[in-house]
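Here's the structure we're looking at; comments come further down.
The values are calculated or read from the model by the stated rules, or taken from the named source; none is laboratory data. The model shown is predicted, which means the values in this text are computed figures rather than measured ones. So basically every Cβ, Gly included, is an ideal-geometry build from the backbone, and we count neighbours across all protein chains shown. Please note that ligands, DNA and RNA were not included when accessible areas were found on the heavy atoms of the full protein model with its side chains. Shrake-Rupley method; radii C 1.70, N 1.55, O 1.52, S 1.80 Å.
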Amino acid sequence: QEIGVSMALFDDNFLTVLRNGMVESAAGMDGVNLQVEDAQNDVARQLDQINNFIASGVAAIIVNPVDTSATEAMSAAAASAGVPLVYVNRQPVNADSLPEGQAFVGSNEIESGTLAAFEACKLLRAAGKSNGANVYILMGELSNQAAVQRTKDFDDILATDMCSFMSVIDRQTANWSRDEAQNLMTNWLSSGQEFDAVLSNNDEMAIGAVQAMKAAGIAMEDVVVTGVDATRDALSAMQAGDLDVTVFQNAAGQGGGALQAALDLVAGEAVDSMVYIPFELVTPDTVADYLSAN
Amino acid sequence: MSDVILQTRGLTKHYGGVHALEGADFTLMKGEHVAIMGDNGAGKSTFVRQITGVEQPTRGEIHFDGARVAFKGPLDAREAGIEAVFQTLALADHLDVPDNLFLGRERTKWNWLGPFRRLDYRAMHADTIAALEKTGVKIPSIRNTIQNMSGGQRQCVAIARTATFHSKLTIMDEPTAALGVQETAQVENIIRTLKSQGEPLILISHNMRQVMDLCDRIVVFRRGRICANLRAADVTGEEVVAYITGALTQPKYAVDGVL
Amino acid sequence: MSDVILQTRGLTKHYGGVHALEGADFTLMKGEHVAIMGDNGAGKSTFVRQITGVEQPTRGEIHFDGARVAFKGPLDAREAGIEAVFQTLALADHLDVPDNLFLGRERTKWNWLGPFRRLDYRAMHADTIAALEKTGVKIPSIRNTIQNMSGGQRQCVAIARTATFHSKLTIMDEPTAALGVQETAQVENIIRTLKSQGEPLILISHNMRQVMDLCDRIVVFRRGRICANLRAADVTGEEVVAYITGALTQPKYAVDGVL
Amino acid sequence: MTGATLGTGGLKYDHAKRHRPPELNVFLALILIVAVFEVLGQILPYMNGQSFLFDTQGRFDSIFNEARLKIIILQVAIVGIIALGVTQVILTGGIDLSSGSIVGATAMIAMSFAQVAEVNGSPNTRAVFFEQGWVDLPVLVPVVIGLICGLVAGLINGLLVAYTRIPPFIATLGMMVTARGVAKWWTMGQPVSFPTDSYAAIGAGMTPVYIFAVLAALFYLVMRHTVYGKHTYAIGSNMDAARMSGINVQRHLTLVYTIAGALAAIAAIVLSSKNLTAQAGMGVMYELDAIAMAVIGGISLQGGRGSIIGTALGALIFGVILSGFTYLRLDAYYQEMAKGAIIVGAVVLDQWRQRRAAQRS
Amino acid sequence: MTGATLGTGGLKYDHAKRHRPPELNVFLALILIVAVFEVLGQILPYMNGQSFLFDTQGRFDSIFNEARLKIIILQVAIVGIIALGVTQVILTGGIDLSSGSIVGATAMIAMSFAQVAEVNGSPNTRAVFFEQGWVDLPVLVPVVIGLICGLVAGLINGLLVAYTRIPPFIATLGMMVTARGVAKWWTMGQPVSFPTDSYAAIGAGMTPVYIFAVLAALFYLVMRHTVYGKHTYAIGSNMDAARMSGINVQRHLTLVYTIAGALAAIAAIVLSSKNLTAQAGMGVMYELDAIAMAVIGGISLQGGRGSIIGTALGALIFGVILSGFTYLRLDAYYQEMAKGAIIVGAVVLDQWRQRRAAQRS
Ligand SMILES: Nc1ncnc2c1ncn2[C@@H]1O[C@H](COP(=O)(O)OP(=O)(O)OP(=O)(O)O)[C@@H](O)[C@H]1O
Ligand SMILES: Nc1ncnc2c1ncn2[C@@H]1O[C@H](COP(=O)(O)OP(=O)(O)OP(=O)(O)O)[C@@H](O)[C@H]1O
Ligand SMILES: [Mg+2]
Ligand SMILES: [Mg+2]
């Protein structure tokens, strides 16, 4: 069986794990052939890829949407060609109204930013800064949905009574990149402003910020740094005491799950139209459990 | 003053430290054919570039057809009625002969379409052949692009362009430099026709015989300055060469007491 | 055969449908100065481009200095000992005069550095002034870039470049076209010096007086073919013009029975 | 045309040899690439003899794999529209790096005026102008607003290039960065979805292909038969000569860039309609694809040479490559590597054939 | 130099007026931009009179905000290294779009030979060559391998441009796509982290700035005082003339692109070392930044004009802009919009001053 897979982006650490999870479980099955395409973060390219899959006559399609609000056209294309379609990892807008033969396997993006920011809030309180704490926010690429969502989650937490003591000095984008985050953090440091926490949309940027702070001789115990993704580099940084919070999402599990759902749909079996896999908070206390996970 | 078509006063152009043109006072009467001569680098082409608006002079005034003018660009000069064959020819390399001949004033149909009006290739084509035949040049196919033309063929295209459109003043900067014997004769005929039609001309040339044959007056440039203004009928070729090389200077053009 | 420096047999070049050069058989003896004349577009420059390796001929053989050659590019031709002034001059617009003069064979120091060997600006500078003075051109500052030079100044730079380096064969394509009276005389002197040194030369020119003065032999091109091969001492200017215009053709060059 | 009217004589001239349109080479490259895919499909064992263009499984009524033919054109139609504008810019000797970003910004802005009032029965509170009540507007509103966005962006490019004389690369690079900023700022990065049905119809099905075809035909005529086209070529061939010939170069350049902006806007409208969403990241790298299409189609980056037909063929080559890779089930990694090689290969082939033709003749 | 040796006479010539290096304009633009930030810092109320370049809080020994000065240069040093190579390519009249992707591929490959054996006490089983036992290698190994990668990529670019005569835009666009594919394929998209200490030292602290400074000085001398430099300018000024003058244009172009590739590789090594990681997406858009730096520094995209000093100043302008925005805490959206405008503005200013200078003199 030929299964077409369109990934939002190949050079994303998390999605790479997810993709590999899928490829590995396919390798373990007989007669299942995966064709994985890279949509390079372009919704239009993704739709074209789906149409190309249809032209090639694949049995089912798995889509990791570039953008969850761009899924309507994809659902329509697959449905009219009668090809089963499974969305993975990012919840499509039309999740409640998916056509017959389509499903979603993944998690709710809202959780990740919320978990991280709330943990930061608790850590700052524990450190006795509940009468006022300054934070910097590192945002991902502004045209990217995860960046927008996670930043919004941060804001929502910061707006709660419990965490409103945290005030944002500045928020800037570092485009998911460690290098840009490093430069940005150094720029912030050069203004000499005091701060207590750095909330980052992903781990890479958090690590960049950590590197910049360490280069400037700032003691990492005094600053709360949060990321999202639980990448290996991040876990290592956490073990070293640099990173305080990150959020884990079972990527490989999602990949395998999506593949199974697709095969079930092809076989005509009943499939839950929504399968949720929750985010999990990672702190120095629990880091050991995740070391070999992603 | 109504007999004067072009007059410059104190026209000056400096390029960085190079004083390419210094205080040129020049007058051209209607119907008159004047030659400009001078060493290489004497400032002749620079003078032409100032009066055709290709460059902005550093100083000085230009009066054309009774009014003071300050052309912002060659478009202005052409609209005022000055046609020029530049030394650099100003041809578009990738276009063919008719395209170049009519560049900027194409024959068109459906003119209400503004910039999208339709080109009348047929009319331009026929006119091109006619214009080229006047210059005597042989071009196997006018549909070939200019970049594939020989040096003389290009020059003839540029001359044909100027000769095709009527103007108040024609300027030719070394028009026959690259031309063969026959073509030179034809172009000289074109110039004679202009004379008989009473159209004024400024001709830059290094060819003494040609200048003596065709022009009423010779203005000599030296080191960026005018150094002589001679009636062609009154001088010999040797005398003109003497002015060019600096052996002679007319008293009224002497600078700093140096003749 | 050892007296022959250059010989072509059946040299032919077609550009698309244009038969620019057709079966040219041409021979040049050591120490001989030959002029090539002909209408505009007759194929003279095309001929030069084939023997200097700028283009690859469609057909035909070239023998140079006793060996059959097939130059892949102008670099080969130059290394074989052919120096040329092209009609298009081949100067780098944004470089200054010494840079252009020594382009491709700079005076250098520290030669063990290979492509990164150091330029000896001082030596090139001095030599440039000397070379320019031979051509008689006046250039206010050789540090100015070529794009800021007048037409004649450029041409003199190109000529100075060729004259500075010794070669087995020198080719000049209309070298004095843009030159003034004085500069032309100087360049003619350079050519006479070559003659006295026994260096062979191919000179393309439309200037009858010049050709008659300087050359031993005149080869006339017409419509892409050689139509006459004349000893300069044996003919008059009028006769040559007759060959150029097609009034005359030498019997051995007649094509299809048409003279 | 008889020989007599073609020139004023001189050399012998062989009329038969004259016409050798360079687009022919591009077309042959296209055929060659299709053939390679077809052959690979036959010889690679895992392909089971599946055909690239033909219907071997009886899925369609015709002998062709219609789904493939459609997607080949459909997936390049939108970038193709941009490429038409970019072609004109390149013909003037310029370059337009901003088209992809203009697509992003225009798509966001146009889409936000094309919102439905209700989604699945409940009010569409996420509509950008929900509070203003600007929902369910007639389709003309978003289209006109989108076009205006593109025109303005193009106009700014044009004014910068024409009047300040900065290199087009820089003017449009600036616009590229700025327009991308606008796209993100418009809704603070939020995507805009749920267009009205009439807006959604613009890019539905094969409509993008028709729009591309009509525009391509139109601009083919314009470039070949109007003063606008002639002046575009003249400026690209020798800007100084064009100026000295009395062409109003500044006004013309402004017009060219403005038209390129408008075409990017059309592409944006079609794209957002086709995808039923607008995203700030839309159109990233489209400018490079559009330029590559033009150059593969034989447009010289020095300006002055090439034709719209070439660009259209270049777009098709792109479409074939993209589809062909999926058809061969090539790993995404190798796809990228191969895509680079094929782009280069197509142009090399073109150059090589051109030079051989020049030599042989 | 005396007047007598400067020329062979003719016109009156005013030696005093000759020298007006165009880099001066770029430098003035730089000063202007710094001044604008400084003034904005004083007048914007929320800035509390904080200074851009000066130390108003007594944090440093000197009067300058040294942290700011350092980051201004540090954040552009790496792209600056690329820009040195790109400058040479542009001077030949070409363009290099592949440098960013070469950075990505080289960083991945080099880094995978620079892995430590143990992370946090446990074996680094994820090291790319863990099974082969290629861990804890001497720093020379990844550096040399990285350089070879860059050289090979550059060589391919150069051979394509020089021998097949396809436009550099296309050759390097192909390499851009291909190299990005290689970067992703090398580890199937996995990032490579945990380098050895010696590798990590290459990009630590201010070392990138020193590397940039040394390379810039070196290439300044090379471009100005060696045959290599002269031929680079000559080719960009008039390739046909260079060929007819007997320069081996093909060999020279190959060399230029190869050197550009090598500089991209150096940048990649420094970058991955500085970040202690290599990612397939590294270096995206660096090529455009590098080109923009060069053009802001006055390098003409037509080739033949400009100097390495200009590029270095262009890089500084970039650094100042980036730092200045953060300093002003400008919203990310407005940053992008403003960045575009400033790039354009800097070049417009430069052009305008040059033209005024030409006019006035
Ligand atoms: N843009 C420029 N910048 C600097 N110098 C220039 C520029 N243009 C021309 N010059 C200089 O001005 C002088 C006059 O040049 P011009 O072209 O007017 O000479 P000319 O009299 O036409 O000579 P020719 O007979 O060779 O055509 C020359 O010395 C030339 O080097
Ligand atoms: N690349 C080319 N493609 C097509 N035709 C060409 C090309 N180069 C030259 N020609 C044609 O070949 C013919 C000969 O050109 P060539 O330059 O040899 O003439 P020429 O004898 O040097 O003339 P002139 O005295 O004007 O310099 C011309 O008709 C020209 O149009
Ligand atoms: Mg002149
Ligand atoms: Mg010639």
> For chain A, what's the relative contact order in percent, using C-alpha pairs closer than 8 Å and at least 6 residues apart?
Replying inline: 20 percent
> Which value at 222 nm does chain A reach when only helices count, each DSSP H run of 4 or more adding -39,500 (n - 2.57), with the total divided by all residues and rounded to the nearest 500 deg cm²/dmol?
Replying inline: -13500 deg cm²/dmol
> Looking at segment E:193-235, which residues lose a minimum of 10 Å² of accessible area between their chain alone and all protein chains in place, measuring with a 1.4 Å probe and not counting ligands or nucleic acids?
Replying inline: E:Ser193, E:Phe194, E:Val222, E:Arg224, E:His225, E:Thr226, E:Val227, E:Tyr228, E:Lys230, E:His231, E:Tyr233, E:Ala234
>> Cut-off 10 angstrom, C-alpha nodes, Gaussian network model of chain D. Which of D:Asn120, D:Asn275, D:Asn65 fluctuates the most?
In response: D:Asn120
> Using a basic spin-label model with each label point 7 Å from the Cα along Cα→Cβ, how many nm lie between B:Thr88 and B:Leu113?
Replying inline: 3.3 nm
> Dipole of the protein assembly as shown (Lys/Arg Cβ +1, Asp/Glu Cβ -1, origin at the Cα centre): which of A:Ala258, E:Val139, B:Ala35 lies farthest to the positive side?
Replying inline: B:Ala35
>> With the crude spin-label approximation of a point 7 Å out along Cα→Cβ, what separation in nm comes out for D:Asp197 versus E:Thr207?
In response: 6.6 nm
> For chain E, what ratio Rg/Rh do Cα atoms give with a Kirkwood hydrodynamic radius?
Replying inline: 1.02
> What are the residues of segment E:338-355 that lose 10 Å² or more of accessible area, with a 1.4 Å probe, going from their chain alone to all protein chains?
Replying inline: E:Lys339, E:Gly340, E:Ile343, E:Val344, E:Val347, E:Val348, E:Gln351, E:Arg355
> Out of E:Thr196, E:Thr106, E:Val344, whose Cα points farthest toward the positive end of the dipole of chain E (charges: +1 Lys, Arg; -1 Asp, Glu; placed on Cβ)?
Replying inline: E:Val344
> Working from the pairwise distances between different alpha carbons, so that the mean of 1/r is found and then inverted, what is the protein assembly as shown's Kirkwood radius in Å?
Replying inline: 35.4 Å
> So how far, in whole Å, is the C-alpha centre of segment B:191-259 from the one of segment B:107-153?
Replying inline: 35 Å
> When only C-alpha pairs under 8 Å and at least 6 residues apart count, what is the relative contact order of chain D, in percent?
Replying inline: 30 percent
> Based on the alpha carbon coordinates of chain A, what radius of gyration and maximum Cα-Cα distance (Dmax) apply, in Å?
Replying inline: 20.2, 63
> What accessible area, in Å² to the nearest ten, does a 1.4 Å probe give for C:Val54?
Replying inline: 40 Å²
> Going from most exposed to least, what order do B:Cys156, D:Cys149 have by accessible area with a 1.4 Å probe?
Replying inline: D:Cys149, B:Cys156
> Roughly what % of DSSP beta bridges within segment C:15-174 run antiparallel, to the nearest 5?
Replying inline: 65 percent
>> A 28 angstrom limit on the alpha carbon distance is what I want to check against. Which of B:Lys13/E:Lys339; A:Lys129/E:Lys70; B:Lys13/B:Lys252 exceed it?
In response: B:Lys13/E:Lys339; A:Lys129/E:Lys70
>> Keeping every protein chain present and rolling a 1.4 Å probe, give me the accessible area per residue for segment B:114-259 in Å².
In response: 39 Å²
>> Can you give me the C-alpha center-to-center distance between segment E:261-307 and segment C:75-106, rounded to a whole angstrom?
In response: 33 Å
> Summed for both chains, how many Å² of accessible area, to the nearest 100, are buried between D and E with a 1.4 Å probe?
Replying inline: 3700 Å²
> Relative contact order for chain B: what is it in percent, counting Cα pairs under 8 Å that are at least 6 residues apart?
Replying inline: 24 percent
> For the pairing of chain B with chain C, what total accessible surface becomes buried, with a 1.4 angstrom probe, in square angstrom to the nearest 100?
Replying inline: 2100 Å²
> Based solely on its DSSP helices, what 222 nm [θ] is calculated for chain B when runs of n ≥ 4 H residues each add -39,500 (n - 2.57) and the sum is averaged over all residues, nearest 500 deg cm²/dmol?
Replying inline: -9000 deg cm²/dmol
> Hey, got the dipole for the protein assembly as shown? About the Cα centre, +1 on K and R Cβ, -1 on D and E Cβ, debye to the nearest 20?
Replying inline: 6460 debye
> For chain A, modelled as a GNM with alpha-carbon contacts under 10 angstrom, which of A:Gln182, A:Gln193, A:Gln102 fluctuates the most?
Replying inline: A:Gln193
>> Tell me the carbon and sulfur percent of the accessible area for the protein assembly as shown, rounded to whole percent, probe radius 1.4 Å.
In response: 57 percent
> Assuming R0 = 60 Å, what is the FRET efficiency of E:Arg251 and A:Asp161, from their Cβ-Cβ distance, to the nearest 0.05?
Replying inline: 0.25
> Relative to the longest principal axis of chain A, what angle (0 to 90°, nearest 10) does the C-alpha long axis of helix A:203-215 take?
Replying inline: 20 degrees
> If you put +1 on each Lys and Arg Cβ and -1 on each Asp and Glu Cβ, how big is the dipole of chain A around its Cα centre, in Debye rounded to 20?
Replying inline: 300 debye
>> Using a Gaussian network model on chain E with a 10 Å cutoff between Cα atoms, which of E:Ser193, E:Ser122, E:Ser51 fluctuates the most?
In response: E:Ser122
>> Taking θ = phi - 60°, what integer Hz values does the Karplus form 6.51 cos²θ - 1.76 cosθ + 1.60 yield along segment E:344-355, in sequence order, with x for Gly and Pro?
In response: 4, x, 4, 6, 4, 4, 4, 4, 5, 5, 4, 5
>> Give me the mean projected area, in nm² to one decimal, of the convex hull enclosing the Cα positions of chain C.
In response: 15.1 nm²
>> Compute the angle between helix B:121-135 and the longest alpha-carbon principal axis of chain B, please, reported from 0 to 90 degrees and rounded to the nearest 10.
In response: 40 degrees
> How far is helix C:181-196 tilted, in degrees, relative to the longest principal axis of the Cα atoms in chain C, given as a value from 0 to 90 rounded to the nearest 10?
Replying inline: 80 degrees
> So, in nm, how far is label D:Leu140 from label C:Arg231 when the simple model puts each one 7 Å beyond its Cα toward the Cβ?
Replying inline: 9.0 nm
> What FRET efficiency would be calculated for the residue pair A:Gln1, A:Gln239, taking the C-beta separation as r and a Förster radius of 60 Å, to the nearest 0.05?
Replying inline: 0.90
>> Placing one identical point scatterer on every Cα of segment D:121-277 and ignoring solvent, what is log10 I(q)/I(0) from the Debye formula at q = 0.09 Å⁻¹?
In response: -0.39
> Nearest-to-axis residue of chain C, judged by Cβ, for the C-to-B rotation, with distance in whole Å?
Replying inline: C:Ala177, 2
> Applying 1/(1 + (r/R0)^6) with R0 = 22 Å to the Cβ-Cβ distance of D:Ala217 and D:Trp352, what FRET efficiency is obtained, to the nearest 0.05?
Replying inline: 0.15
> Reachable lysines from A:Lys122, Cα under 20 Å, same-chain residues fewer than 8 places away excluded?
Replying inline: A:Lys152
>> What does the copy distance list look like for D:Phe60, label position 7 Å along Cα→Cβ, in nm and ordered from shortest?
In response: 6.6
> aspartates and glutamates within cross-link reach of C:Lys195: Cα-Cα under 20 Å, excluding same-chain residues under 8 positions apart?
Replying inline: C:Asp3, C:Glu32, C:Asp65, C:Glu83, C:Glu133, C:Asp173, C:Glu174, C:Glu183, C:Asp213, C:Asp216, C:Asp234
>> Is there a quick way to get the dipole size of segment D:69-360? I mean about its Cα centre, with the Cβ of Lys and Arg at +1 and of Asp and Glu at -1; what is the value in debye to the nearest 20?
In response: 1020 debye
> What lysines sit close enough to D:Lys230 to cross-link, taking a C-alpha to C-alpha distance under 21 Å and skipping anything fewer than 8 places away on the same chain?
Replying inline: B:Lys109
> Where does chain D land at 222 nm, in deg cm²/dmol rounded to the nearest 500, when only DSSP H runs of n ≥ 4 count, each adding -39500 (n - 2.57), divided by all residues?
Replying inline: -21500 deg cm²/dmol
